[in-house]
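K.L.:
One structure, pasted below without further comment.
The values are calculated or read from the model by the stated rules, or taken from the named source; none is laboratory data. Bear in mind that the values here come from a model prediction, so they are computed numbers and not experimental data. Cβ coordinates were reconstructed from backbone atoms using ideal geometry, including for glycine residues, and neighbour counts include every protein chain displayed.
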2 protein chains.
Amino acid sequence: MPDQKDKIWMQRALSLAEKGLGYVSPNPMVGCVIVSKDGDIIGEGYHERYGKAHAEVNAVRSVKDPEMLKGATVYVTLEPCSHHGKTPPCADMLAELPIKKVVMAMQDPNPSVNGKGLKILREQNIQVDVGVLQDEAEKLNEKWLHAIGTSTPFVTLKIAQTADGYVAAPNGDSKWISCKESRKLVHRWRSEDDAVLVGRNTALHDNPQLTVRLTEGRQPKRVVLDGPLELPKHLNLFSDSFEEKTIVITHNKKKAEQDVDPMLKMLQSNYFRGELITVENDSGHVHLRESLSKLYEMGIHSVLVEGGQQLSSALLRQGLVERLQLFIAPKILGGGTKSIINLNINRMEDVRPFRDFTWQQSGSDMLLTANL
Amino acid sequence: MPDQKDKIWMQRALSLAEKGLGYVSPNPMVGCVIVSKDGDIIGEGYHERYGKAHAEVNAVRSVKDPEMLKGATVYVTLEPCSHHGKTPPCADMLAELPIKKVVMAMQDPNPSVNGKGLKILREQNIQVDVGVLQDEAEKLNEKWLHAIGTSTPFVTLKIAQTADGYVAAPNGDSKWISCKESRKLVHRWRSEDDAVLVGRNTALHDNPQLTVRLTEGRQPKRVVLDGPLELPKHLNLFSDSFEEKTIVITHNKKKAEQDVDPMLKMLQSNYFRGELITVENDSGHVHLRESLSKLYEMGIHSVLVEGGQQLSSALLRQGLVERLQLFIAPKILGGGTKSIINLNINRMEDVRPFRDFTWQQSGSDMLLTANL
């Protein structure tokens, strides 16, 4: 049974892990705390950035005197890796230390690890405890867990609407429905998810930048669905300083082939430096499920959708949304573009209940966070 | 300057006044506390029911020993009346007492009183202070103040919608969008306002009772707009035990005349025992502003509208709503009847901001209360 001390150290490790948010994907966030046999913290570390050292390595490196590792306990929020990836396996590294015990919050469900890290440690007579603050650890990496479990990114759908459910005025304008605080929150989410996704209409009519500006943080990939591959190249997504972070998904394979022809590209004065993905045509639109699968294959584990009515509704209708973030502004329009349409629900009994939800105020707006 | 003691006694008088909520209209709520020259409460009272004794009378009656009134102070939430209404003028009654002072929260803006009660008291050398907790007193009687100031009832519009702004599923069903707690709150509001109002469509499709059932309280008048005067008589509003509380408003004057013909009524097996009002025809609908004026003339000072999309939207469009009570349920329909339409707003800049608003949770729903 874990004692209170175990929980305190693990909580510290979880806090460290969270510092990697936005920077470690497609890896999970991991934190590590090393406690001496006398009960003092002698080392700390977390996975700071994808491709850089793992949490365990950073924690061991931070220990001033290797002598202190004798009989120490290592707290780590995830099972140490057992495979050679961008870095050597952490389980092997830890197994060679004179430590007494490793406490982990959860096993790594990744098939290339799952239980193997644990086994390596136990074979070296290091005591291993699993499950301290497991719920918290799973919550921390819920998007990563969803992604590796389903081979699909965790999709968060953000909608900002009026109290009566409109996302744009009759003249098409949507600036601004939500308040400054809400827009700031969305910028923070952009910095935390791997990619932001919009549809063709939004790209064309709002010409968004989809960058992080109202807060500090990492710029996300920007995905735009452009079935016919006809969006004009002067849009911000194709011409600003983050151009190479833009991914276009199209079903127009013929045009896409021309677009990636290096000779043709050279001849264009201002060719697109981002990525282009082709998927199947689904009744005139890009195939959404396939699009998400391809994004996952590119290492995108979480997507924030900031689309308009058509894209939001299609994703909900196809059951591709994990979390809805619905901002409701205290104003009424009485007309314009409805937020959500065509879910094929006819009766109240057919409404699909949310798994869980919370209401919270965001500036003058109300934010409904619902897990589907 | 009022001292802290004055505020404490006046707060007590306001609390007493509030007990009359739902029972005193078209009179205002009034509470009264009498404090002896030694600083003890010697009498309390409030206006309990329309047509019964006023607050001041009840308070004076409650004083055990008239001797104690010598040098006492009377705290009353509204200027004592100076006119003979259902009861003799309270100002005259107080002026004859051996009291030293009358403290009132506010003057009565009613032209038949405004300042006259105050004058009667001062002429008898009774000291009069005005304005202690005036804001609270005005808030308490805000609906009454609105009504007598505009000769129109205070209109509260209640809407219960899904998070995406639908008030009914595509099949027309709206039972139940809001949660039990929210419906209970609406029943409480019914007991507090003078009348509940619905349109023809709601009466026909939902066949509502519009009574107070989920909580204790006074049954309100029930107003139904029936332009052509063709709603079937078997509806709850015309056939249940509160039939005489139903008011029908029509623009079909010809049919209305037939309906009130006593001979024709006698011939009907089950004639309507409620009231019938005729107003002008406004593009095929009953004239809303005129309907409200006529309700005011009948002594209805506050109306809770529980209409559907058409009535809600028409009232908002015509600027006839004072307060919006919008329940937002944590569910999405993606289709059906929108809550609010046709406000003639084309651009975001044309959105009319609320005077003020609050968000509060009501069971699992969110309630937006907005003053227009």
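K.L.:
Just need a number here: residues in the range A:344-364 that are part of a loop (DSSP other than H, G, I, E, B) and either closer than 28 Å to B:Ala314 by Cα or charged (D, E, K, R) (or both). Break it down stepwise before answering.
P.N.:
Within the range A:344-364, the subset part of a loop (DSSP other than H, G, I, E, B) is A:344-347, A:351-355, A:363-364.
Narrowing further to those that are either closer than 28 Å to B:Ala314 by Cα or charged (D, E, K, R) (or both): A:345-347, A:352, A:355, A:364.
The total comes to 6.
K.L.:
Please work out if B:Gly299 is at the interface with chain A (Cβ under 10 Å from one of its Cβ atoms) and in a loop (DSSP other than H, G, I, E, B). Don't jump to the end; show me each part of the working.
P.N.:
Working: at the interface with chain A (Cβ under 10 Å from one of its Cβ atoms): no; in a loop (DSSP other than H, G, I, E, B): yes.
No; evaluated as a whole, the condition is false for this residue.
K.L.:
Every residue in the range B:327-343 that is in a strand (DSSP E or B) and within 28 Å of the chain's Cα centre (by Cα), please. Break it down stepwise before answering.
P.N.:
If we filter the range B:327-343 for residues that are in a strand (DSSP E or B), which is where we start, we get B:327-329, B:337-338.
The answer is B:Phe327, B:Ile328, B:Ala329, B:Lys338.
K.L.:
Suppose we filter B:Ala160, B:Ala169, B:Ala137, B:Ala147 for residues that are within 27 Å of B:Ile8 (Cα to Cα), in contact (Cβ under 8 Å) with a residue 40 or more places away in the chain, touching a helix residue (DSSP H, G or I) at 6+ places or on another chain (Cβ under 8 Å) and not hydroxyl-bearing (Ser, Thr, Tyr); which single one remains? Walk me through it before giving the result.
P.N.:
Details: B:Ala160 fails: within 27 Å of B:Ile8 (Cα to Cα); B:Ala169 fails: within 27 Å of B:Ile8 (Cα to Cα); B:Ala147 fails: within 27 Å of B:Ile8 (Cα to Cα).
Result of the check over B:Ala160, B:Ala169, B:Ala137, B:Ala147: B:Ala137.
K.L.:
Sticking with this one: Name the one entry in A:Lys86, A:Lys100 that is closer than 20 Å to A:Lys5 by Cβ, out of contact with any helix residue (DSSP H, G or I) (no Cβ under 9 Å at 6 or more places or on another chain) and in the same structural domain as A:Gly20 (by the TED database).
P.N.:
On the way: A:Lys86 fails: closer than 20 Å to A:Lys5 by Cβ.
Only one candidate passes the filter, namely A:Lys100.
K.L.:
In addition: For the range B:69-115, which positions are surrounded by fewer than 18 Cβ atoms within 10 Å (Cβ to Cβ) and touching a Ser or Thr at 6+ places or on another chain (Cβ under 7 Å)?
P.N.:
B:His83, B:Lys100, B:Lys101
K.L.:
Take the range B:157-178 and flag every residue that is of a type in the set (A, V, I, L, M, F, W, C) and either over 21 Å from B:Thr202 (Cα atoms) or assigned to a loop (DSSP other than H, G, I, E, B) (or both). Quick ask: steps written out before the conclusion?
P.N.:
Going through the range B:157-178, the residues of a type in the set (A, V, I, L, M, F, W, C) turn out to be B:157, B:159-160, B:163, B:167-169, B:176-177.
Correct list: B:Ala163, B:Ala169, B:Trp176, B:Ile177.
The rows are residues; the columns are (1) among the acidic types (Asp, Glu); (2) in the same structural domain as B:Thr278 (by the TED database); (3) at pLDDT 95 or above.
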{"position": "B:Trp176", "(1), (2), (3)": "no, yes, no"}
{"position": "B:Glu192", "(1), (2), (3)": "yes, yes, yes"}
{"position": "B:Arg218", "(1), (2), (3)": "no, yes, no"}
{"position": "B:Leu225", "(1), (2), (3)": "no, yes, yes"}
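K.L.:
So, of the residues in the range A:139-177 that are crowded, with 24+ Cβ neighbours inside 10 Å, within 12 Å of chain B (Cβ to nearest Cβ) and not hydrophobic (A, V, I, L, M, F, W, C), which turns out to be farthest from A:Leu214 (Cα to Cα)?
P.N.:
By that ranking, first place goes to A:Asp164.
K.L.:
Taking the range A:136-156 as the search range and keeping residues that are outside any loop (DSSP other than H, G, I, E, B) and in contact with a Ser or Thr (Cβ under 6 Å, 6 or more places away or on another chain), which one is nearest to A:Trp176 (Cα to Cα)?
P.N.:
Filtering the range A:136-156 for residues outside any loop (DSSP other than H, G, I, E, B) gives A:136-140, A:142-150, A:154-156.
The next check asks that each one be in contact with a Ser or Thr (Cβ under 6 Å, 6 or more places away or on another chain); those that pass are A:137, A:143, A:154.
Working: A:Ala137: 37, A:Lys143: 29, A:Phe154: 27 Å.
If we take residues in the range A:136-156 being outside any loop (DSSP other than H, G, I, E, B) and in contact with a Ser or Thr (Cβ under 6 Å, 6 or more places away or on another chain), then A:Phe154 is nearest to A:Trp176 (Cα to Cα).
K.L.:
Write out, first by first residue and then by second, each pair whose Cβ atoms fall under 7 Å of each other, whose residues are 6+ apart or on separate chains, and whose first residue, in the range B:208-225, is under 12 Å from B:Glu243 (Cα atoms) while the second is among the charged types (D, E, K, R) and surrounded by fewer than 18 Cβ atoms within 10 Å (Cβ to Cβ).
P.N.:
B:Gln209/B:Asp240
K.L.:
Ok, one more. Please state which one of B:Leu324, B:Leu315, B:Leu311, B:Leu367 is more than 8 Å from chain A (Cβ to nearest Cβ), assigned to a strand (DSSP E or B) and in contact with a strand residue (DSSP E or B) (Cβ under 7 Å, 6 or more places away or on another chain). I'd like the intermediate steps shown before the answer.
P.N.:
Details: B:Leu324 fails: more than 8 Å from chain A (Cβ to nearest Cβ); B:Leu315 fails: assigned to a strand (DSSP E or B); B:Leu311 fails: assigned to a strand (DSSP E or B).
Criteria check complete, one pass: B:Leu367.
K.L.:
Any idea which of A:Asp135, A:Asp92, A:Asp164, A:Asp129 is assigned by the TED database to the domain that holds A:Gly284, out of contact with any Phe, Trp or Tyr (no Cβ under 6 Å at 6 or more places or on another chain) and among the acidic types (Asp, Glu)? Working first, answer last.
P.N.:
Values: A:Asp135 fails: assigned by the TED database to the domain that holds A:Gly284; A:Asp92 fails: assigned by the TED database to the domain that holds A:Gly284; A:Asp129 fails: assigned by the TED database to the domain that holds A:Gly284.
Sole residue among the options that is assigned by the TED database to the domain that holds A:Gly284, out of contact with any Phe, Trp or Tyr (no Cβ under 6 Å at 6 or more places or on another chain) and among the acidic types (Asp, Glu): A:Asp164.
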